[in-house]
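These notes are about the structure you will find just below.
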Amino acid sequence: MSHEYAVEVVGVSKRFGVVQALRDVSVGFAAATVTALVGENGAGKSTLMRILEGEHQPDSGHVLVDGKLAALSSPRAAHSLGIRVIHQEPEIIPELTVAENIFIGDMHSRGAVFLDRADLIRRTGDLLRTFAMDEVLSPTQRCEGLSPALRQLIEIMRALRPGARLIAFDEPTSSLTEDEAGRLFGVIRRLKADGVAIVYISHRLREIVGLADRCVVMRDGQRVADEPMAHLDEAKMVRLMVGRPVSDLFNRRERTLGAVLLKLSGVATSKVHDVSFEIRAGEIVGLGGLVGAGRTEVARAIVGVDPLVAGGMEVSGAAYLPREPSDSVRAGIGLVPEDRKQEALLLQQSVRDNVSLVVPDKISRLGFFSRRKERALVDHHVSELRVKTPSIDQAVAKLSGGNQQKVVFARWQARGPKVLILDEPTRGIDVGAKAEIYRLIESLADQGLAILLISSEMPELLGLADRVIVMQDGTVSGELAWQDATEEAVLALAMRPENELRERKAS
C-alpha cells in the first residue's frame, strides 16, 4: 500500500462472536477511480464499509486517509475526513424539504437564532444544478411522498457536499428505473472526474462491467482478487465470488412434460396485444425482451391485475377470466413479483405471517384458526427452503434479500399452485442465493409445476428455460427452443426491425 490511495484499509480483521467477518483485509481506493466491491452476502463487504464509516472498530489493522493514520471512531469522524457511505435504504426525514435534508447539520444562520433560508436554498440549487438534478428536485420541495429513487438522490446529494474523498454506493440501483440509474451513473462519472474515490457495491454484475475501473472480490471475509476491470467479465467475477464457474449454477437436463396447465390465446390489455403461448406441467418457459417490452404486463394480465380487453385464457383446460388477483390464487396460479418489498412481503410482519398469508384453509380446523397447524406448516417450508432466520417469528425486514425471496417462494410452496410466475426472481440477491433459487426453480418444475420465468439476466434465462418467448413492443416477437436460445438470438428477436414485427403480427 502507498499514499497514492485516497483511503486504504491495511490488515483489517473483525470478529463478531464466533463469526470471523473480516480476515486480514488490505485494499486501497484511489482518487478519480471507480472500484467495484463484489461478493456474496456474508463475504464481508458490509462490515468493511461499516469500518470505513466509523460504525465498527477493527480488531486489528488500521485505515489510512491520504497516507495518514485515521481514527474513525464514529460516523461523524469519518464524515469529517470526507468518507461517506450511501446505504440502500435512504435515511430521509419526510417532513423536511429537499434543502433541509441535504444540508441537515450544516445549516448557516443569520445572527444567533434565524436560519439563513435564502443561503440554504441557494447552496442546494447550486448543488442540484452541478449534478443535473434540478429537473427532478427542487430545494423547497417537501420530501414526504417522494419515490424511492428521488429519496435516494437526496441521500446522494447529501454525500456530495464539499470535502468528499471517498463515497461508497451500496446497491444504489436496486429501486431505480433504467433512466434513473443512467442519471446516477452520470453523477458517479462526474464525481470521478472531480477526483473522488468511488466504491460501488452491487449484485448487478453487468452494471459493474460498464462502470468500474477496478474490481475487488471478497469471499468468506477475505480479499480474493483485486483486478483491473478490463481483465474480468461477469463469468470470471462469479467464479471468484463463489469458487465455481457460472455454468455450474444451472443443471440443464431434459424434463418430462405433462398436460397444458396455462394457455393464453390472443390476450390483450391496455399494455399488451395478441399474446399467445402455453406452458405444460414440468416446463419452464422463459419470457425475454428489453425493458418495457411488456413482460411484466403479461404477468399482470394472467393474475388479474390488468383486465383483458381481448383474447382468453385457460387453466388446466378450463376457461379462466380473473376479475381480481384473488381469483388467480383460487385457480392455482402464484406470482413472485419483481418488487418483493413493495408487492409481495409484509416487511414488518414475521416470517410465519408472510408464509401463511395465502393458506387460511390449511391452518384452520372446523372453521377455527390453529396456531399449532400454522407453525408446523411454516416450519416445514422454511426448513425445506433453508431460509436463514433465527425463528419464524423474526420480522422479514431483518432478513437478507435472498432469504426474503425464499419466504415468498415458501408462501407459494405452502399453497401448492399449478402455475408459478416468477418476475425477476433473483433481482438484488447475491450469487450464492441465486444458485439456491435456481435449484428451487428446477425442483418445482420437476414436481410438475408450470413455470413462467421473466428475467432480464440472460444467463439465467438461457440456463433455466426449456424454451424462450421473446417480447417486443407489447407483443410476441418470436420463440426459441433452448438448444437455439443464445444471447444473440434473443436480442435479435427483442430488437426486431419494425417492418418484420408488423409482418409477424399480420401473419
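Couplings 3J(HN,Hα) for the stretch 91-98, derived from phi with the Karplus relation 6.51 cos²θ - 1.76 cosθ + 1.60 (θ = phi - 60°), are 9, 10, 8, x, 6, 8, 7, 4 Hz, where x marks Gly and Pro. Peptides 149-160, 91-102, 185-196, ordered by how many other C-beta atoms sit within 10 Å of their residues on average, highest first, read 149-160, 91-102, 185-196. Converting the Cα gyration tensor eigenvalues of the chain into ellipsoid dimensions via √(5λ) gives semi-axes, longest first, of 42, 26, 25 Å.
Taking 0.36 nm per residue of separation and subtracting the Cα-Cα distance, full extension of the segment from D233 to D393 would add 53.5 nm. My understanding is that a pair violates if its Cα-Cα distance is over 32 Å; which of K236/K406; K45/K406; K45/K418; K271/K341; K271/K406; K341/K362 do that in this structure? Going by Cα-Cα distance, K45/K418 fall outside the 32 Å limit. D by Stokes-Einstein for the stretch 393-497, Kirkwood Rh over Cα pairs, 37 °C, 0.692 mPa s: 218 µm²/s.
Computed from phi, the 3J(HN,Hα) profile of the stretch 232-242 under the Karplus parametrisation 6.51, -1.76, 1.60 (θ = phi - 60°) reads 10, 9, 4, 5, 5, 5, 4, 4, 5, 6, 10 Hz, with x in place of Gly and Pro. Qualifying trypsin sites (Lys or Arg not before Pro) in the stretch 274-351, where qualification requires a DSSP coil assignment and no more than 16 other C-beta atoms within 10 Å, comprise R323. When the P(r) is computed for the stretch 347-411, the part past 18 Å accounts for 28% of the Cα-Cα pairs.
Between D194 and K68, the modelled label-to-label distance comes to 2.2 nm, taking each label 7 Å out from Cα in the direction of the beta carbon. When peptides 138-145, 402-409, 42-49 are sorted by average Cβ neighbour count within 10 Å, with the highest value leading, the order is 402-409, 42-49, 138-145.
Centre-to-centre separation between the Cα atoms of the stretch 294-362 and those of the stretch 217-245: 38 Å. Here the 3J(HN,Hα) profile of the stretch 280-296, calculated from phi with Karplus coefficients 6.51, -1.76 and 1.60 at θ = phi - 60°, is 9, 4, x, 10, 10, 9, x, 10, x, x, 6, 4, x, 6, x, 5, 5 Hz, Gly and Pro shown as x. Once the Cα atoms are used to define both axes, helix 401-415 deviates from the longest principal axis of the chain by about 20 degrees.
Only the coordinates and a few stated rules stand behind these numbers; no lab work does. Everything numeric here is computed off the predicted structure, so don't read it as measured data. A quick note on method: Cβ atoms are made from the backbone with ideal geometry, for glycine too, and the neighbour counts reach across all protein chains shown.
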